[in-house]
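Read through the structure below, which is laid out as structure tokens, and then see the notes.
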Amino acid sequence: MRYQLRTEGNHTFEVANLARNDGNEHIVRVLNQFRENEEQQRLTLIITLNNTHWVTLVIERQNGNYVGYYADSTATAVPGGITDIIQNNLGNNIRINNVSVSQQTDGWNCGLWALENASDINRVLNENPVGQVQNIINIIRDFLGRGHPNRDRNYFQNIRVGISQLFRNDAGFQDVQLQAYIQNREQIDPLLRTYLELGYHRVGGGYGLVEAPISLGVSDSSNFGDLPQSSLEGPEASRVSDLSKGKGGR
């Protein structure tokens with residue numbers, strides 16, 4: 001995997017949803033398993049907040065307590081919902097540090113920034129074991145805020161293309177997509193028709209633009225890379241993406 005985030009040794013990696021309209025059973029189960037398995041020293045969570053925004057939380061055991069490192073690419077405060085659910089399941093002996101810095105300059109790469117930050121936070125923690133440094137929070141913030149020369153639009157677009165190719169070649173994922181379409185067909189079909197009306201791929205430049213129909217391969221993000229942003233950010237288009245993927249994200 002590109003980010004090398006997986007359950008291995010004494011580290012656990014999970015993707016979880018924190019929503020207001022359900023019991024958050026998955027994240028509760030993950031936190032309880034982490035609490036009960038004392039051999040697990042670190043838990044990395046990629047969390048979607050109400051299916052609209054992705055953030056990072058890395059939790060580490062330290063001398064019988066827990067220390068959390070929270071990163072949001074838009075540099076906002078730790079949501080109360082995260083603090084509550086962590087304390088309710090790990091107890092009050094946890095300190096959550098907000099290591100967020102302003103990184104994201106668009107409205108759609110929060111998920112990839114969450115993965116980048118998870119990888120970077122784990123790298124800093126691996127290189128600075130507990131007890132060896134006193135200013136680990138500032139070290140993490142400085143590392144997340146460094147001017148990475150390659151993290152531009154093309155950098156994230158290439159990551160999206162690579163991930164879409166992995167999914168496209170995964171027969172299991174194709175089955176999931178098909179089942180999701182079958183279950184939500186009555187909702188998806190009219191949205192697709194609306195999307196076709198909004199999203200014709202324009203080629204050329206200046207005067208005399210030529211319109212050509214786009215390919216609607218959901219798993220191939222390159223099909224949507226050059227569309228006018230307004231057609232991708234509209235409520236109809238965003239709902240197509242949400243339903244096809246099962247999740248949203250900004």
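Observations
- Each residue of the stretch 173-184 was assigned a 3J(HN,Hα) from its phi angle through the Karplus curve 6.51 cos²θ - 1.76 cosθ + 1.60 (θ = phi - 60°); the sequence is 5, 4, 5, 4, 4, 4, 5, 5, 5, 4, 5, 10 Hz, with glycine and proline shown as x.
- Accessible surface of the stretch 18-148 [probe 1.4 Å, protein heavy atoms]: carbon and sulfur percent: 42 percent
- The phi torsions of the stretch 123-138, fed into the Karplus equation with coefficients 6.51, -1.76 and 1.60 and a -60° offset, translate into couplings of 4, 5, 5, 5, 7, 9, x, 3, x, 8, 9, 9, 10, 4, 5, 5 Hz, rounded to whole numbers, with Gly and Pro shown as x.
- Under 5 Å, built H, 5+ apart or other chain: amide partners of HIS53: ARG250
- Accessible surface for PHE13 stands near 40 Å², nearest 10, in the context of the full protein assembly shown (1.4 Å probe).
- The solvent-accessible area of ASP142, taken with every protein chain present and a 1.4 Å probe, is close to 110 Å².
- Counting only protein heavy atoms and using a 1.4 Å probe, the accessible area of VAL133 comes to about 50 Å².
- Interchain or long-range residues, amide H under 5 Å from ASN24's placed H: ALA19
- Protein-only accessible surface order, largest first, of ARG61, ARG95 at 1.4 Å: ARG95, ARG61
- Cα pair distances exceeding 16 angstrom across the stretch 50-165, given as percent: 62 percent
- Exposure rank, largest accessible area first [GLU36, GLU14, GLU116; 1.4 Å]: GLU36, GLU14, GLU116
- Residue-wise HN-Hα coupling along the stretch 109-122, computed from phi with Karplus coefficients 6.51, -1.76, 1.60 (Hz; x: Gly, Pro): 9, 4, x, 6, 5, 4, 5, 4, 5, 4, 4, 5, 4, 5
- Amide H contacts for THR12 (H built 1.01 Å from N in the peptide plane; partners 5 or more residues away or on another chain; cut-off under 5 Å): ARG42, LEU43, THR44.
- Solvent exposure ordering (accessible area, 1.4 Å, most first) of THR194, THR52: THR52, THR194
The values are calculated or read from the model by the stated rules, or taken from the named source; none is laboratory data. Here the structure is a predicted model, which means the values were calculated and not measured. Keep in mind that these areas ignore ligands, DNA and RNA; they rest on the heavy atoms of the full protein, side chains included. Shrake-Rupley method; radii C 1.70, N 1.55, O 1.52, S 1.80 Å.
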